[in-house]
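**Q** Pasting a structure here, questions to come.
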Number of protein chains: 2
Amino acid sequence: MGAPDFSVARNKEGKNFRSLSGKLWYNRTIMTQKINLSPLTGMAELLPKQQLQFEKWKQIVSETYSMYGFTPIDTPVLERKEVLFAKAGGETEKQIYQLTKGDTEMALRFDLTVPLARFVANYQEKLVFPFKRQHIAKVYRGEKPQKGRFREFIQADADIIGRGSLDEKYDAEIIDLIATTIKRLNLGKFIIRINNRKIVTGFLKAIKVMDEAQVLTLLDKAEKIGEQKLKQELSYLRLDTLEIRKVTQFAKIRGTCQEVVQALLALDLDEPLLNQGIMELQTVDEALQALQLAQENFIFDCAIIRGLDYYTGTIFETQLVEAPQLGSICGGGRYENLVGSFGKTKMPGVGMSIGLTRLFAQAMELQLLDETKEAAAQVVVVPLSENLDEILKIVQQLRKMELKTDVYLQKADLKKKMKYVNDLGAPYAVIIGDDELNKKKVQLKNMSTGEQEELNLPQVKARIEENN
Amino acid sequence: MGAPDFSVARNKEGKNFRSLSGKLWYNRTIMTQKINLSPLTGMAELLPKQQLQFEKWKQIVSETYSMYGFTPIDTPVLERKEVLFAKAGGETEKQIYQLTKGDTEMALRFDLTVPLARFVANYQEKLVFPFKRQHIAKVYRGEKPQKGRFREFIQADADIIGRGSLDEKYDAEIIDLIATTIKRLNLGKFIIRINNRKIVTGFLKAIKVMDEAQVLTLLDKAEKIGEQKLKQELSYLRLDTLEIRKVTQFAKIRGTCQEVVQALLALDLDEPLLNQGIMELQTVDEALQALQLAQENFIFDCAIIRGLDYYTGTIFETQLVEAPQLGSICGGGRYENLVGSFGKTKMPGVGMSIGLTRLFAQAMELQLLDETKEAAAQVVVVPLSENLDEILKIVQQLRKMELKTDVYLQKADLKKKMKYVNDLGAPYAVIIGDDELNKKKVQLKNMSTGEQEELNLPQVKARIEENN
C-alpha cells in the first residue's frame, strides 16, 4: 500500500480512490511543508512526563475538594453568546473567542463562574443547597501572548452557593480548603492574606472620600506602585493630607485578627458597614482557629482588595513565601448574588479558584515540583524469548496483580529494549528469556540501582510494593 | 447592597459605579427574561449525582488504560484550521466549528486522532516509541441534533504508534484493553468482532470486482440493509450472479479464527494480500489466547469493515450482547501511517476509541448503570449545638481521617438539616449536640438503615470502613 496519507486511501497504482462513504478524498500531501505543527500560540501542551505530573496535580486538587464535600460538575466549553456577554465586560469581552454555527452565536467560556451561575439558575429546583461544587476545566481568553499567560488554561474552582442566605462560617471552609490544597501540592511555605470588602468600603465611606471607586482602584494596586506613588495618586484625586495619611495608614494594617481589629478600632470611625466587616472577620478567624489552620498560614491584611468588583464580604489571596514574585496563586471571596440577571432568587456564595496551568508552568520553571516519581508504567516486560505469546501470559498476570505493566513487543536487540524502559522512566524491568520461561521465573531489574533478581511473580509484586 | 447584578457593583444610592479597573460596567438586568439558560443544543450537561457516576467512569477508563502502560496527553481543544482541514473531508469538514481570532483561523477538534498525529509529528524526537498514549477529552461535531448524538462529547482514545514499524502483537494489546475496560465498566456481556482489512480488500481483488471501493461501501452497510438488498445493490454494480454469491457468502463468514480461516481457504482464492491478512488474523488470535481473553468475548467476522478508510490491517468493533441496538460501542484498528502529510517518517499505529458521553447516555437510558454508590460526601456533620467552632474541630478531624466530610452550617431545624443529608445521598450523618460535645462522642446515623449509635471518632471511621 506504500505510505498513503492518513486521510487518503490509494489503490496499488497510486491513484486515489473513493472513500467508503462515496466521497472523493483528495491528496493534500503537497501542503506538507506549510503546515505549522506547533500548538496555537498561548495554548499549553506538555510532553508525557510533565503531563503525568500535571495529571497528578489535577487528581490531588480534585480529591482534596472532594474531601471537603465539593461535588464535580462539567458544563460545555461553548456557551450561548448572550449568556457569556451578560456577565462579561470591558477587557474580558474583547478576549472572548466567538463563533457562529448555523444561526447560533456562541463563545468559549472565559471563566467557570458564569457557567456556574447559568447552571445554578437553570437547575435550582434539582440542586441541593448550599450547593458545593468543584469544576476543574479549561477556559479561554484571547490575551496578548506573554510569559506565564495562557489563552487556553485549566482553572480549578470550588464554590459554595446558598439559596437566599449562606452562613459566614462557609468562608472559613473555603480558606481552609485552599490551605489543604496548597499543602498537598507541596509547594513550600504559603500564606493566605484575608480581608473583608465591607471593611474597605466601610472605611472609605467613614472618611468620606469623594470617589470611593477610584480610591479602591488605587488601593488595589498600592503594593505594586509603592507608598510614595500611592500618596501622589491620592493627591491627584484631591484627597487632603489627613485623608491621604489615613488611607496609607489603612493600607498598612495587617496581622492577627486581634491586631487588625485593634488597629481598625484605633481609627475611631463609627461606620456600621465597617463594624459589620469587623464582625465577619472575627467570625472567619474563630472558624479558622477551630479548623486548626496554622497561624503561619494566614494573616489579615487590609491591603487585599481583589480587582473583581463583585465581592461583597470576605476576600483572600494566597502567596508562596519562597516565590512572592508569582503574586497570588489562589484567590477568591464572598459575593452577594451569583445568579444576578439569570434568576430572581438571591444566591450568595463564596468561592476560590486556582489557575492550575499557570501555577504548574511557574512551578516547573522555579523547580518547585517534586522530582517525578510518575511513569507511564511501573514495570516494563522485556522479552528475550521469541515466544511472545508465553510472555503475554506473564504480562496479563502482572496486570491482574494491579501492577501498571507495559511490554516491549518490537523486534530489537536487548540494548534498544532496555533503552525503551529507561526512556520511559519506569522503575522496573521484568526480563524474560527462554530460560526464565522454563523455570517459571523472571529477572526483576531495579532501574535506579541496577540490581537484578530472579523471582516468581508474587515475589515481583511484593518487591515492587516494598520499595514503593 | 441590595441584590446587585453579578457583574455590577452599585453604591448605596443604587447607581452603577466604575469597576476597579476603571471601566464602566453597565447593568444588563433588563435582559433577564430573554436569556436562555439551558446548555447549547446537543451539548450534554449532567446533574451532580449523574456527574459523579460519569467521573467514576472516566476514572475507571483512565486507570485501565494506565494499567496497560498508556500515558496521558492533553492537547488544546483549538487547533489551527490548516491542521484540522488537512485531515478532515466531506461531511466532517462541514461539521467543524470554525472561528477566527485576530489573523488566526482556528477550529475545534472533531476527534483526538488528528491532534495525536500533529503531536507525534511535532515532538517525535522527544517521544519514546512505540508511543502508547491515552487521551480522554472533549471533541466537537456540529451534527444535526438527534437522539444519542452530541455536538460536544468526550472520547476516550488509546493508541500505540510505532516509528517505522509496529509489531502485530500490539493489535491484540488494544483488543484486550477494550475487553478489560468494558468489563470494568460493568456493562454486561459483550463481544468484540474482529476482522482484517487485508482480508476484505484481498478478497475483492481476488474475485476481480470492477469497483472495489463501491463494493466495500456496500459490505460496510450489509448488516443494516440485509441480504436481499445487498444482492440487489451488488447487481446494480454489474456484478454477475457468481460474484454476488461469493460476496454475500464472504460477508457471512464468522466464528473462531480457525473456522474463519478454513472458510476463507475454502473460497480457493490465491491472493497474496488475502493470505497476508489471514496470517495477521492468526497472529492476533494467538496473542488473544495468550492474554486469556475469554472465547465468548471475541469473534472473527468478515462483515466488519469500519467505515473509515485509513485502516489497513486488523479492525474491530464491540457490541453489548444485551443491547445490540446500540451498535458498536468501541471500535478501532490498525493504520499504515498516522502522521501522513504532517511528517516524513512513516508511523504505523493501532488504536481504539470509546464515545464515552454517548455510551453513558445510552447506559443511563437502558438502566445499565450500577446503582449509584457515589455521593458528594461519605459523612455529613449535622450540628445541633450553637457552638459551630467546636463542631468544625470535629469536621477537621474526620477529614484528617480521610473521610469525605461535609458539614451543614446554615441555621435551620433538624428536619431541614437531615433533608440535606438525605438529598445529597450521603450514606452517613454525624449528629452533634452540646451533650455529645461534652461527652466527646457523636451520633453516627446510617442513612439507609436509620440506625444510630453513639461513638467516638475512631469508632466512626471503623464503622464506615467496615460497611464500605
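**Q** For the range B:304-332, give me each residue that is part of a loop (DSSP other than H, G, I, E, B), of a type in the set (A, V, I, L, M, F, W, C) and away from chain A (no Cβ under 14 Å).
**A** B:Val321, B:Ala323, B:Ile329 - these are the residues of the range B:304-332 that are part of a loop (DSSP other than H, G, I, E, B), of a type in the set (A, V, I, L, M, F, W, C) and away from chain A (no Cβ under 14 Å).
**Q** Another one. From the set of residues in the range A:57-90 that are at pLDDT below 95 and either over 24 Å from A:Phe119 (Cα atoms) or assigned to a loop (DSSP other than H, G, I, E, B) (or both), which is nearest to the other protein chains (Cβ to nearest Cβ)?
**A** Taking the candidates together, the pick is A:Gly89.
**Q** Quick one: which residue in B:Phe119, B:Phe110, B:Phe54 is closer than 23 Å to A:Pro76 by Cβ, assigned to a helix (DSSP H, G or I) and under 21 Å from the mean Cα position of the chain (by Cα)?
**A** The match here is B:Phe54.
**Q** Is it true that some residue in the range B:436-448 is at the interface with another protein chain (Cβ under 9 Å from one of its Cβ atoms) and either in contact with a strand residue (DSSP E or B) (Cβ under 8 Å, 6 or more places away or on another chain) or not polar (S, T, N, Q) (or both)?
**A** At the first step, the residues of the range B:436-448 found to be at the interface with another protein chain (Cβ under 9 Å from one of its Cβ atoms) are none.
No; the residues of the range B:436-448 include none that is at the interface with another protein chain (Cβ under 9 Å from one of its Cβ atoms) and either in contact with a strand residue (DSSP E or B) (Cβ under 8 Å, 6 or more places away or on another chain) or not polar (S, T, N, Q) (or both).
**Q** Let me ask something additional. Those residues that are under 21 Å from A:Gln134 (Cα atoms) and acidic (Asp, Glu), I need them from the range B:353-397; list them, please.
**A** B:Glu374
Conditions (1) in contact (Cβ under 8 Å) with a residue 12 or more places away in the chain; (2) of a type in the set (Asp, Glu); (3) part of a helix (DSSP H, G or I); (4) on the phi > 0 side of the Ramachandran plot, marked per residue:
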{"residue": "B:Leu127", "(1), (2), (3), (4)": "no, no, no, no"}
{"residue": "B:Lys138", "(1), (2), (3), (4)": "yes, no, no, no"}
{"residue": "B:Lys147", "(1), (2), (3), (4)": "no, no, no, no"}
{"residue": "B:Phe150", "(1), (2), (3), (4)": "yes, no, no, no"}
{"residue": "B:Ala158", "(1), (2), (3), (4)": "yes, no, no, no"}
{"residue": "B:Ile175", "(1), (2), (3), (4)": "yes, no, yes, no"}
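**Q** Which count do you get for residues in the range B:194-223 that are under 19 Å from B:Gln276 (Cα atoms) and in contact (Cβ under 8 Å) with a residue 60 or more places away in the chain?
**A** The first filter runs over the range B:194-223 and keeps only residues under 19 Å from B:Gln276 (Cα atoms), leaving B:194-208, B:212, B:216.
Keeping just the survivors that are in contact (Cβ under 8 Å) with a residue 60 or more places away in the chain gives B:194-203, B:205-207, B:216.
Of the residues in the range B:194-223, 14 are under 19 Å from B:Gln276 (Cα atoms) and in contact (Cβ under 8 Å) with a residue 60 or more places away in the chain.
**Q** So A:Glu296 clears everything in (1) modelled with pLDDT of 95 or more; (2) assigned to a loop (DSSP other than H, G, I, E, B) except one condition, right? Which one?
**A** (2)
**Q** Going by the structure shown, is B:Phe54 over 30 Å from A:Ala117 (Cβ atoms) and either crowded, with 18+ Cβ neighbours inside 10 Å or at pLDDT 95 or above (or both)?
**A** No, not satisfied.
**Q** Still on this structure, I have one more. Within the bounds of the range B:161-170, is there any residue that is within 9 Å of another protein chain (Cβ to nearest Cβ), free of Cβ contacts under 8 Å to residues at least 40 places away in the same chain, farther than 23 Å from B:Met43 by Cα and not in a helix (DSSP H, G or I)?
**A** yes
**Q** Shifting gears a bit: Restricting attention to the range B:278-313, which residues are more than 18 Å from B:Glu259 (Cβ to Cβ) and of a type in the set (Val, Ile, Thr)?
**A** B:Ile305, B:Thr312
**Q** Still on this structure, I have one more. Would you confirm whether any residue within the range A:282-290 is away from chain B (no Cβ under 12 Å) and crowded, with 22+ Cβ neighbours inside 10 Å? Spell out the reasoning first.
**A** Keep residues of the range A:282-290 that are away from chain B (no Cβ under 12 Å), which gives none.
No, the range A:282-290 contains no residue that is away from chain B (no Cβ under 12 Å) and crowded, with 22+ Cβ neighbours inside 10 Å.
**Q** While we're looking at this one, here's another question. I need the full set of residues from the range B:180-220 which are within 30 Å of B:Thr64 (Cα to Cα) and either of a type in the set (Val, Ile, Thr) or surrounded by fewer than 21 Cβ atoms within 10 Å (Cβ to Cβ) (or both), in order please.
**A** Result: B:Thr180, B:Thr181, B:Ile182, B:Lys183, B:Arg184, B:Asn186, B:Gly188, B:Lys189, B:Ile191, B:Ile192, B:Arg193, B:Ile194.
**Q** Looking only at the range A:98-112, filter to residues that are crowded, with 21+ Cβ neighbours inside 10 Å and out of contact with any helix residue (DSSP H, G or I) (no Cβ under 8 Å at 6 or more places or on another chain); which one of those is nearest to the other protein chains (Cβ to nearest Cβ)?
**A** So, considering only residues that are crowded, with 21+ Cβ neighbours inside 10 Å and out of contact with any helix residue (DSSP H, G or I) (no Cβ under 8 Å at 6 or more places or on another chain), the one nearest to the other protein chains (Cβ to nearest Cβ) is A:Leu108.
**Q** Can you go through A:Gly142, A:Gly148 and tell me which one is facing chain B (nearest Cβ under 7 Å) and either more than 17 Å from the chain's Cα centre (by Cα) or not aliphatic (A, V, I, L, M) (or both)?
**A** Numbers: A:Gly148 fails: facing chain B (nearest Cβ under 7 Å).
Only one candidate passes the filter, namely A:Gly142.
**Q** Determine which member of the set B:Lys393, B:Lys373, B:Lys415, B:Lys461 is assigned to a helix (DSSP H, G or I), under 37 Å from the mean Cα position of the chain (by Cα) and among the charged types (D, E, K, R). First the steps, then the outcome.
**A** Numbers: B:Lys393 fails: under 37 Å from the mean Cα position of the chain (by Cα); B:Lys373 fails: assigned to a helix (DSSP H, G or I); B:Lys415 fails: under 37 Å from the mean Cα position of the chain (by Cα).
Every option except B:Lys461 fails the conditions.
The values are calculated or read from the model by the stated rules, or taken from the named source; none is laboratory data. Computed from a prediction, not measured in an experiment: that's the story for all the values here. Cβ atoms come from the backbone with ideal geometry, glycine included; neighbour counts cover every protein chain shown.
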